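**Q** First the structure, then my questions, so here it is.
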Amino acid sequence: MKLMPCPVNGLRPVSEFFYWGEVRPMPDPDRCDDAAWADYVFNRNGAPGIKKEWWYHTPSGTWFIAERDTIRDEVLRTWLHASPEAEQQ
Amino acid sequence: MPWRLLRFALSRTHPEPRMFTRPARLKPAYDVVIIGAGGHGLAAAYYLARDHGITNVAVLEKGYIGGGNTGRNTTIIRSNYLTVEGVAFFDESVRLWQDLSTEFDLNLFYSTRGHFTLAHTDSAMRTMRWRAEVNKHLGVDSELVDAQSVATAIPMMDMSCAGHAPVLGALYHAPGAIARHDAVAWGYGRGADQRGAEIHQQTEVTGIEINDSGVVGVNTTRGRIATRKVLCAVAGSTPRVAEMVGLRTPIYIHPLQAMVSEPVKPWLDPIIVSGSLHVYVSQSARGELVMGASLDPYELHSTRSTLDFAEGLAAHMLDMFPFLSDVKVVRQWAGMADMTPDFAPIMGKTPVEGFYLDAGWGTWGFKATPVSGKTMAHTVAHDANHALIEGFNLSRFGRYQLTGEKGAASVGH
Ligand SMILES: Cc1cc2nc3c(=O)[nH]c(=O)nc-3n(C[C@H](O)[C@H](O)[C@H](O)COP(=O)(O)OP(=O)(O)OC[C@H]3O[C@@H](n4cnc5c(N)ncnc54)[C@H](O)[C@@H]3O)c2cc1C
C-alpha cells in the first residue's frame, strides 16, 4: 500500500486521499479573452516532471499541496496551503 | 509433420521470410516520419503505402513493435458509443476489422462475442437506453435488455452481485468482439514493410525541428532526419512529443492496469462490463480471463502495477462470479493512458504545419486501430482532415465544442 504524508495526520494509505491536479494560476475570467480561458479550462501540462499538486485527505477534510515526481511516483514534500493566491506565487 | 515445417527444419538458410526486414541505416530524408510503432502508427504506414502510394516512410519506435499500449490492452472492440461522430467512426472500424485476417494472411483471432454493459441503477438504465437509441438511429446493432435476458445469457453470474448491486438490465451490443493484439501490430507492420515503409526499432525521437514554414526535421537517438511531415502516434508519450513542437494539449496521463487469470475451460462467451463495480472481463481463446478496472486515480508516467488494483478488482470479480475464488491470477501489468477531457480522441492537423496528431486514445483506442490508420493516412497524404475525424480535431477545445463520450467510454473500454 502506498503511503502519502498528510501535513496534519502523518503517513496514511494513499487510498484515503483524493487527487485534484496540478496547482495552476487562474486567469481573471473578466479580463482574459476566450482563447486564454479555454487554455486554462482544458489544456494541461501533461509532460512528466516534479509538480505541485492539490491533494485532499478525505477522512479529515484536509486540503494540502504535495510536490511529487510524476515519473517515480515519489512525494518530495507536502504542506498546508496558505491561500490559493499565495501558492501560485 | 507438415512439409513446410520439415523444409524449415532441414534448411540451413531459413526459407521462410522473417516477419519484418530490419533496415540497417536511417536515410537522411523521408516524405513522412511516423513516431511510434504501436498499432496506430503501423496502420497509418500501411494505408499510406496501400491507398496513397506513399512509401518513402520511416516508422520510428523507441522500444519494440507493439510494446506500448497496443500490447497491453484488453482488446475490446465495439461501436456502441454515444455521439454521432463517435458511433460513425468506431462503426467504420468494426467494419474494417472483419476482413483484416484475410488481408494480412495472419490469424488475428477476431472473435465476435456480444457485449453486455450492465446497469445496476436507474440512472445507468437511462444512459443505456440513450446509447441504444443513438446506436439504432445510426444503424448500429444495440438494444436495452432486461435482467432476465442477462441471467439467461450469463447463467454463471450472481445477478445480485453479492447483494451490493443487483443487475437491473444491460445494453447489449451483438457486434462486440475481441482480437489478438500483438498480431494486429505485426499484421500492419508486415504489410507496411512489404510495401516499402521502413520500421526502425530502438530509435527514439528526441526533438522535432520547425521553422516558419512548419516541420523540417526530426532528431533521433540515431541521428537527424529531414522531413516535412511528422505523424505523432505515441499514446502515453504524447505530452512529451507535443512539447517538442511547443503545442499545448488537454492530454493528461494516468496508468490503466489489467490482469489475467490462469486458463480455465471456456464458460464465458460474451464480454461483460460493469460501470458500478468497475469491472470488465472476457475469456480469451486460451481460456484466460482478461480483466480490467477503471483508471488509476492520479497522474503517473510509469507502467508499474499495484497490489491495490489486483485486490480491488478480484473482490469485485467475486461479487459477480463467486465460484472463481480458487482461480489464480497469473499476470498483471499497466499501460499509460493518454486521457482527454471529453473521452474522445484528438486527431488530425494541428497549428504546427506538417505536425499531425493521432492521440488521446486513453483507454479506448485499440478498437480504433484500423480506422485511425486509414483516416490519418488520408489526412497526412492530402494535408486535410478526413471527414470521419472532423469531430476529433484539437481545435474543438478552443471553440468549447466537445465531443462528449464519457458516458460510453469511462469504464467500458
Ligand atoms: C490496460 C489497458 C487496457 C485497454 N483496453 C482497451 C480495450 O479493451 N479496448 C480498446 O479499444 N482500447 C483499450 N486500451 C487502449 C489502447 O490500448 C490504446 O488506446 C491503443 O493501443 C493505442 O495504440 P497506439 O498505437 O496509439 O499507441 P501504443 O501502442 O502505446 O504505441 C505508441 C508507441 O510509441 C512509442 N514511442 C513513444 N515515444 C516515442 C518517441 N519519443 N520516439 C519513438 N517512439 C516513441 C512507444 O514506445 C510505443 O510503442 C487499453 C489500454 C490499456 C493500458
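**Q** Tell me, please, whether a residue that is away from the ligand (no atom under 16 Å from the Cβ) and either within 14 Å of another protein chain (Cβ to nearest Cβ) or crowded, with 18+ Cβ neighbours inside 10 Å (or both) can be found in the stretch B:90-100.
**A** no
**Q** Tell me which residues, restricted to the stretch A:57-69, are away from chain B (no Cβ under 11 Å) and open to solvent by less than 60 Å² (accessible area, probe 1.4 Å).
**A** Once the filter is applied, which keeps residues that are away from chain B (no Cβ under 11 Å) and open to solvent by less than 60 Å² (accessible area, probe 1.4 Å), the stretch A:57-69 yields A:H57, A:S60, A:G61, A:T62, A:F64, A:I65, A:E67.
**Q** Considering only residues that are open to solvent by less than 40 Å² (accessible area, probe 1.4 Å) and at the interface with chain B (Cβ under 9 Å from one of its Cβ atoms), look in the stretch A:20-39 and name the one that is farthest from the chain's Cα centre (by Cα).
**A** Checked the stretch A:20-39; the qualifying residue farthest from the chain's Cα centre (by Cα) is A:A38.
**Q** Could you list, in sequence order, the residues of the stretch B:256-268 that are within 25 Å of A:A47 (Cα to Cα), open to solvent by less than 10 Å² (accessible area, probe 1.4 Å) and away from chain A (no Cβ under 14 Å)?
**A** Result: B:A258, single match.
**Q** Another question, if that's okay. Go through (1) more than 14 Å from the ligand (Cβ to nearest atom); (2) within 28 Å of B:G217 (Cβ to Cβ) for B:V329 and report which single condition fails.
**A** With respect to (1) more than 14 Å from the ligand (Cβ to nearest atom); (2) within 28 Å of B:G217 (Cβ to Cβ), B:V329 is out only on (2).
**Q** Now, a different point. What single numbered condition from (1) part of a strand (DSSP E or B); (2) under 23 Å from B:R304 (Cα atoms); (3) within 14 Å of chain B (Cβ to nearest Cβ) fails to hold for A:R72?
**A** Looking at each condition in turn, A:R72 falls short on (1).
**Q** Shifting gears a bit: Could you say whether any residue in the stretch A:11-22 is part of a loop (DSSP other than H, G, I, E, B), under 26 Å from B:P341 (Cβ atoms) and free of Cβ contacts under 8 Å to residues at least 60 places away in the same chain?
**A** no
**Q** Of the residues that make up the stretch B:13-24, is at least one modelled with pLDDT of 95 or more, more than 30 Å from B:A147 (Cα to Cα) and open to solvent by 20 Å² or more (accessible area, probe 1.4 Å)?
**A** No, because not a single residue in the stretch B:13-24 is modelled with pLDDT of 95 or more, more than 30 Å from B:A147 (Cα to Cα) and open to solvent by 20 Å² or more (accessible area, probe 1.4 Å).
**Q** Regarding A:F42, is this residue of a type outside the set (G, A, S), surrounded by 11 or more Cβ atoms within 10 Å (Cβ to Cβ), in contact with a Phe, Trp or Tyr (Cβ under 9 Å, 6 or more places away or on another chain) and within 13 Å of chain B (Cβ to nearest Cβ)?
**A** Taking the combined requirement at face value, the residue satisfies it.
**Q** Suppose the filter is open to solvent by 10 Å² or more (accessible area, probe 1.4 Å), within 14 Å of chain A (Cβ to nearest Cβ), touching a residue at least 12 places away in the same chain (Cβ under 8 Å) and within 15 Å of the ligand (Cβ to nearest atom); does B:S284 pass it?
**A** no
**Q** May I pose another question? So, restricting to strands (runs of 3 or more DSSP E) that lie completely within the stretch B:24-127, which ones have at least 2 residues that are under 20 Å from B:S372 (Cα atoms) and of a type outside the set (S, T, N, Q)?
**A** Fully inside the stretch B:24-127 and qualifying: B:32-35, B:57-60.
**Q** For the stretch B:364-402, enumerate the residues that are touching a Pro at 6+ places or on another chain (Cβ under 9 Å) and outside any helix (DSSP H, G or I).
**A** Within the stretch B:364-402, B:W364, B:G365, B:F397, B:L402 meet the criteria.
**Q** Suppose we keep only residues that are within 7 Å of the ligand (Cβ to nearest atom), within 14 Å of chain A (Cβ to nearest Cβ) and closer than 14 Å to B:F392 by Cα within the stretch B:335-376. Which one would you say is surrounded by the most Cβ atoms within 10 Å (Cβ to Cβ)?
**A** Among residues in the stretch B:335-376 that are within 7 Å of the ligand (Cβ to nearest atom), within 14 Å of chain A (Cβ to nearest Cβ) and closer than 14 Å to B:F392 by Cα, the one surrounded by the most Cβ atoms within 10 Å (Cβ to Cβ) is B:W361.
**Q** Now for a different question. For the stretch B:197-255, give me the residue count where each residue is in a loop (DSSP other than H, G, I, E, B), of a type outside the set (D, E, K, R), open to solvent by 30 Å² or more (accessible area, probe 1.4 Å) and more than 14 Å from every other protein chain (Cβ to nearest Cβ).
**A** Counting residues in the stretch B:197-255 that are in a loop (DSSP other than H, G, I, E, B), of a type outside the set (D, E, K, R), open to solvent by 30 Å² or more (accessible area, probe 1.4 Å) and more than 14 Å from every other protein chain (Cβ to nearest Cβ) gives 4.
**Q** Could I ask something else about it? Can you tell me which residue within the stretch B:377-413, out of those that are of a type in the set (V, I, T) and away from every other protein chain (no Cβ under 14 Å), is most open to solvent (accessible area, probe 1.4 Å)?
**A** So the first thing to find is which residues in the stretch B:377-413 are of a type in the set (V, I, T), and the list is B:379-380, B:389, B:403, B:411.
Narrowing the set further to residues that are away from every other protein chain (no Cβ under 14 Å) leaves B:379-380, B:389, B:411.
On the way: B:T379: 0, B:V380: 2, B:I389: 0, B:V411: 18 Å².
Within the stretch B:377-413, the match that is most open to solvent (accessible area, probe 1.4 Å) is B:V411.
**Q** Based on what the data block shows, is B:R180 in contact with a strand residue (DSSP E or B) (Cβ under 8 Å, 6 or more places away or on another chain) and either under 24 Å from B:L289 (Cα atoms) or crowded, with 18+ Cβ neighbours inside 10 Å (or both)?
**A** When the stated conditions are applied, B:R180 does not pass them.
**Q** Further question: Of the numbered conditions (1) of a type in the set (K, R); (2) open to solvent by 40 Å² or more (accessible area, probe 1.4 Å); (3) within 9 Å of chain B (Cβ to nearest Cβ), A:R12 fails exactly one; give the number of that condition.
**A** Of everything listed in (1) of a type in the set (K, R); (2) open to solvent by 40 Å² or more (accessible area, probe 1.4 Å); (3) within 9 Å of chain B (Cβ to nearest Cβ), A:R12 misses just condition (3).
**Q** Of everything in the stretch B:110-126 that's without any contact (Cβ under 8 Å) to a residue 60 or more places away in the chain and open to solvent by 40 Å² or more (accessible area, probe 1.4 Å), which residue is farthest from the chain's Cα centre (by Cα)?
**A** B:D122
**Q** Going through the stretch B:300-334 one residue at a time, which ones are outside any helix (DSSP H, G or I), open to solvent by 10 Å² or more (accessible area, probe 1.4 Å) and more than 13 Å from chain A (Cβ to nearest Cβ)?
**A** B:V327, B:K328, B:V329, B:V330, B:R331, B:Q332, B:W333
A quick yes/no check of all residues on (1) within 7 Å of the ligand (Cβ to nearest atom); (2) farther than 27 Å from B:D141 by Cβ:
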| site | (1), (2) |
| --- | --- |
| B:G41 | yes, yes |
| B:D51 | no, yes |
| B:T74 | yes, no |
| B:I77 | yes, no |
| B:Y81 | no, no |
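The values are calculated or read from the model by the stated rules, or taken from the named source; none is laboratory data. What you are looking at is a predicted structure, and each value in this text was computed from that prediction instead of being measured. Neighbour counts are summed over all protein chains in view; Cβ atoms, including those assigned to glycine, are modelled from backbone coordinates with ideal geometry. These area figures cover heavy atoms from the full protein model, side chains too; ligands, DNA and RNA do not enter into them. Shrake-Rupley method; radii C 1.70, N 1.55, O 1.52, S 1.80 Å.
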